[in-house]
Amino acid sequence: MPTLLMITPENSEIKRFRAYQLNNFMQLTMPYLAGFVPKEYDIRLLDEHTEPIIFEKFDLVAITVNTPNAPHVYAISKKVLSNVS
């Protein structure tokens, strides 16, 4: 079964900001998109606010990004690509 990792990243600045919010819940982007993925995939949703990113080998990796978070996501992408054989 092919594997898919769907990452909601969070850099340290955003993490500091979210620490003081009362409404800390997972963003809906990735769970919503996961609903459109074919059932043949084994999906892992990961929110960096609540758990560290796992840099294991996956067949496909999806990362959501907003402009202020782009440098952090580029760094994540490089680490993910280093696991590709």
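The values are calculated or read from the model by the stated rules, or taken from the named source; none is laboratory data. Here the structure is a predicted model, which is why all the values come from computation and not from measurement. Here the Cβ positions follow ideal geometry from the backbone for every residue, glycine too, while neighbour counts run over all protein chains shown. Side chains are part of the model used for accessible areas, which takes the heavy atoms of the whole protein and leaves out ligands, DNA and RNA. Shrake-Rupley method; radii C 1.70, N 1.55, O 1.52, S 1.80 Å.
A few points about this structure:
- Residue within the stretch 40-57 that is part of a loop (DSSP other than H, G, I, E, B), modelled with pLDDT of 95 or more and open to solvent by 80 Å² or more (accessible area, probe 1.4 Å) present: yes
- Only one of Val65, Val61 that is in a strand (DSSP E or B) and touching a residue at least 40 places away in the same chain (Cβ under 8 Å): Val61
- Once the stretch 24-39 is narrowed to residues that are open to solvent by less than 70 Å² (accessible area, probe 1.4 Å) and out of contact with any Leu (no Cβ under 7 Å at 6 or more places or on another chain), the residue that is farthest from Met6 (Cα to Cα) is Asn24.
- Test: residue in the stretch 21-39 that is in contact with a helix residue (DSSP H, G or I) (Cβ under 7 Å, 6 or more places away or on another chain), modelled with pLDDT under 95 and not hydroxyl-bearing (Ser, Thr, Tyr): yes
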